[in-house]
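Okay, so here's the structure we're looking at.
The values are calculated or read from the model by the stated rules, or taken from the named source; none is laboratory data. Keep in mind that this is a model prediction, so the values were computed, not measured. Because the Cβ atoms are built from the backbone with ideal geometry, glycine has one as well, and the counts that use them run over all protein chains shown.
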Amino acid sequence: MTLDMPARRLEDQIRELCTRLLYEEEPRWTATARELQIAIGEHTRRLAERATVDVVLHAEVWQDRRRRV
């Protein structure tokens, strides 16, 4: 699995993996579940990075507003 894919594609892959888990049997089920765990972890990491950037950018905006007062 490639972890450098765009967010939309990653979300699509997570949906596909969830669907595959419904129909697969061992031993493939375990491998698919592991792929899903990795994809969800990557999605979580990306969301955390985005949230961090948003907080930092908003913190700068708030600091600017405080200086103007």
Some residue of region 54-68 being of a type in the set (S, T, N, Q), in a helix (DSSP H, G or I) and modelled with pLDDT of 90 or more: no
Long-range neighbours under 8 Å by Cβ, at least six apart or interchain, first residue among the acidic types (D, E) within region 13-29, second modelled with pLDDT of 95 or more and assigned to a helix (DSSP H, G or I): E24/T32
Residue list for region 1-30, filter: touching an Asp or Glu at 6+ places or on another chain (Cβ under 7 Å) and modelled with pLDDT of 95 or more: L17
